[in-house]
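The values are calculated or read from the model by the stated rules, or taken from the named source; none is laboratory data. What you are looking at is a predicted structure, and each value in this text was computed from that prediction instead of being measured. Here the Cβ positions follow ideal geometry from the backbone for every residue, glycine too, while neighbour counts run over all protein chains shown.
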Amino acid sequence: MEQKKCHCCSNPPPPMLINEISRLFQEWMHRTRVEPLQGQHSCRMLLRSLGHMEGCTQLDLVKETHLKPPTVSVTLKKLEENGFVERKTDEHDLRAIRVFLTDKGRKLNESTIARCKMADDIFMSDISEEEVEILLRVLTKMRNNMLQRLESEPEPDHEAD
């Protein structure tokens, strides 16, 4: 017997559907991980960012990934303890610490990228180029709308709760 779905589940608003797709992607990445840290979203985000902006500062990583500063700090520590990244003092500004992938980190990032591409292929199968272009335009607008709102409003003080 086929289960009936409620109206809101059969036709969810786009943000809810995006959230579900994100959870499915996270599950895929967790199931296909080679290294335990690859299962962590924050580790994947930092590896990916360092893969294209190696030698950046921790603050650069916070801005690039939209992760909270403590999350970036703790995650970098884990990655460093496991030999995936190293931190070096900037030779021109001794106050700045730069973050670099190690060879081991580059290999892990390449593996992570390959797994992401496999997930992309699964998600995007049977979707035309025209549909992809429209989807990218709409999703970019949605992301930009939320970023603009989050950047224009101060973060609430949850200490008072």
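A few notes on this one:
- From the list Leu24, Leu47, the lone residue that is under 17 Å from Lys117 (Cα atoms) and surrounded by fewer than 16 Cβ atoms within 10 Å (Cβ to Cβ) is Leu24.
- Test: residue in segment 47-57 that is within 13 Å of Phe100 (Cβ to Cβ) and of a type in the set (S, T, N, Q): yes
- Only one of Ile134, Ile122, Ile127 that is surrounded by 10 or more Cβ atoms within 10 Å (Cβ to Cβ), of a type outside the set (Ser, Thr, Tyr) and in a loop (DSSP other than H, G, I, E, B): Ile127
- Only one of Lys63, Lys88 that is at pLDDT 90 or above and assigned to a helix (DSSP H, G or I): Lys63
- Candidates Thr75, Thr112: the one that is hydroxyl-bearing (Ser, Thr, Tyr) and either surrounded by fewer than 11 Cβ atoms within 10 Å (Cβ to Cβ) or free of Cβ contacts under 8 Å to residues at least 60 places away in the same chain (or both) is Thr75.
- Filtering segment 11-41 to residues that are in contact with a Leu (Cβ under 8 Å, 6 or more places away or on another chain) and assigned to a helix (DSSP H, G or I) leaves Ile18, Leu37, Gln38.
- Number of the condition not met by Phe100 [criteria: (1) closer than 15 Å to Arg44 by Cα; (2) modelled with pLDDT under 95]: (2)
- Conditions (1) surrounded by 14 or more Cβ atoms within 10 Å (Cβ to Cβ); (2) touching a helix residue (DSSP H, G or I) at 6+ places or on another chain (Cβ under 6 Å); (3) not aromatic (Phe, Trp, Tyr); number of the one not met by Gly83: (1)
- Test result for Glu64, within 17 Å of the chain's Cα centre (by Cα), touching a residue at least 40 places away in the same chain (Cβ under 8 Å) and more than 22 Å from Pro36 (Cα to Cα): no
- Close contacts from segment 81-95, counting a first residue that is over 20 Å from Asn109 (Cα atoms) and a second that is outside any strand (DSSP E or B), with Cβ to Cβ under 9 Å and a gap of 6+ residues or different chains, come to Thr89/Arg95; Thr89/Ala96; Asp90/Gly55; Asp90/Ala96.
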